[in-house]
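K.L.:
One structure, as structure tokens, below. Some questions next.
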Amino acid sequence: MAFHRASRAKAKTAAATRSPILALVAAVTLIAVLFLLSSVLSTTTAAAKPAVLRRQKQRFEKYLYWGTRIDCPGKHCGSCEGLGHQESSLRCALEEALFLGRTFVMPSRMCINPIHNKKGILHHSTNASSEEMWDASSCSMDSLYDTELMSGTVSVILDNSKEWYRVLSTSMKLGARGVAYVEGVSRLELKENSHYSNLLLINRTASPLSWFMECKDRNNRSAIMLPYSFLPSMAAGKLRDAAEKIKALLGDYDAIHVRRGDKIKTRKDRFGIARSLHPHLDRDTRPEFILCRIAKWVPPGRTLFIASNERTPGFFSPLSVRYRMAYSSNYSHILDPLIENNYQLFMIERLIMMGAKTFIRTFKEDETDLSLTDDPKKNTKLWQIPVYNADETC
């Protein structure tokens, strides 16, 4: 009997010892199972969340459409303006999209004005009368601009994208509840009137003159939402890369943009006297006057990069008495495999000029700009007799 009591006592002691251990193991196991279930549920929810957000974005995204081509519809629909003119119109449309909080449906191609598309500008042909042209009469918008980079500021899609076709399909199904065709409606009303603000798509007929006329309040500096430098800085990646390579080769440099060509044209009045919209421009953009004008800004011996639409061979050579001259044609090994038109070339040159220590424009874009001439870029259509005598001595 004593033996059996001793055995039972030992068994009770062992069971009592095992009980806390088993309880601890069970608790740890339960916690692990709960943690695993929680992780699975969390992962499933996290995986589902982007899809939900994507659906919400598609559902609440709203669009702004101005036309199949820049300045079209409008009086320039049958013609084609230069890059600067088209960029003014494009910037105006982008500003409205930014103001309305909508995605801008950008034309997938830009027309190229043949006046600004002669190969001699890049190659500095020895034949001054050379009229050899680039083949293209238009180019894809994404060969000029980085739309993904642009969308970091203003949401943009192209009108040949799948997203745009989806929007068109959806708007057709919704009918009047999904799209409004508007003309002569202010952007403030488009934003504040719920009849417009809740629609999927606003199909906008801009000014019958040019798109940029919708932004005619740009003289009011507080009304400007996108600076002049916005589109130049949005150049396509391959154009930015080329500009960076050339800037590295130039080192420390200054730059001038010399706009001649179409801007110095004259016409005769009824008395046979030649007149110009920019009476001092032809004089101010000649080498001897450039030397005088920039002397106070650019010290002798500096590297001077020149971008110009002047095609006369050696026209700027007199500047070499004071400066080390550089042109885009000096870097044809970088540009020739890349450039398909002069719009691309000018966009690269513009990036190079923006990187200069001192940059001198032809006309002032802003009051703080340095410029070769004091003639205003925008003229009141006053044709004046050109001036060639010097106003001051160097």
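The values are calculated or read from the model by the stated rules, or taken from the named source; none is laboratory data. It should be emphasised that the depicted structure is a prediction, and the values quoted were computed from it without experimental measurement. So basically every Cβ, Gly included, is an ideal-geometry build from the backbone, and we count neighbours across all protein chains shown. For accessibility, only protein heavy atoms count, side chains too; no ligands or nucleic acids. Shrake-Rupley method; radii C 1.70, N 1.55, O 1.52, S 1.80 Å.
K.L.:
If you take the beta carbon distance between THR312 and ALA176 as r and set R0 to 56 Å, what does 1/(1 + (r/R0)^6) give as a FRET efficiency, to the nearest 0.05?
P.N.:
0.45
K.L.:
To continue, here is another question. Please list, in chain and number order, the residues 5+ apart from ASP71 or on another chain whose amide H is under 5 Å from its amide H, with Hs placed from the backbone.
P.N.:
HN-HN under 5 Å from ASP71: TRP211.
K.L.:
Could you calculate the contour length gain from TYR228 to ARG275, that is, 0.36 nm times the residue separation minus the distance between their Cα atoms, to one decimal place in nm?
P.N.:
13.9 nm
K.L.:
For labels at LYS381 and LEU168 in the simple 7 Å Cα→Cβ model, what's the distance in nm?
P.N.:
In this crude spin-label approximation the distance works out to 3.7 nm.
K.L.:
Further, regarding this structure: Leaving out ligands, DNA and RNA, and with a 1.4 Å probe, what % of the accessible surface on region 245-300 is carbon or sulfur?
P.N.:
Result for region 245-300: 53 percent of the exposed heavy-atom area is carbon or sulfur.
K.L.:
I would also like to ask the following. Amide H of LEU158: which non-local residues (sequence gap of 5 or more, or other chain) have their own amide H closer than 5 Å, using H built in the peptide plane?
P.N.:
Residues meeting the criterion, in which the H sits 1.01 Å from N, are MET106.
K.L.:
Could you do me a favour and compute the accessible area per residue for region 213-344, 1.4 Å probe, result in Å²?
P.N.:
Accessible surface, normalised per residue, equals 49 Å².
K.L.:
While we're here: Sorted by packing (mean other beta-carbon atoms within 10 Å per residue), highest first, where do 189-199, 82-92, 357-367, 283-293 land?
P.N.:
Descending mean neighbour count gives 82-92, 283-293, 357-367, 189-199.
K.L.:
Quick query: amide H of ARG324 versus all other amide H atoms, modeled in the peptide plane; which residues come in under 5 Å with a sequence gap of 5 or more or a different chain?
P.N.:
GLY301, ARG302, THR303, LEU304
K.L.:
Next up: Please give the charge dipole size of region 208-344, origin at the Cα centre, charges +1 on K and R Cβ atoms and -1 on D and E Cβ atoms. Round to the nearest 20 debye.
P.N.:
540
K.L.:
Compare the peptides 258-267, 171-180 by average per-residue count of other Cβ atoms within 10 angstrom and give them in order, highest first.
P.N.:
Averaged packing, sorted descending, gives the order 258-267, 171-180.
K.L.:
If you take every residue apart from ASP282 with its C-beta less than 13 Å away from the C-beta of ASP282, what net charge results, scoring Lys and Arg +1 and Asp and Glu -1?
P.N.:
Summing Lys and Arg as +1 and Asp and Glu as -1 gives +2.
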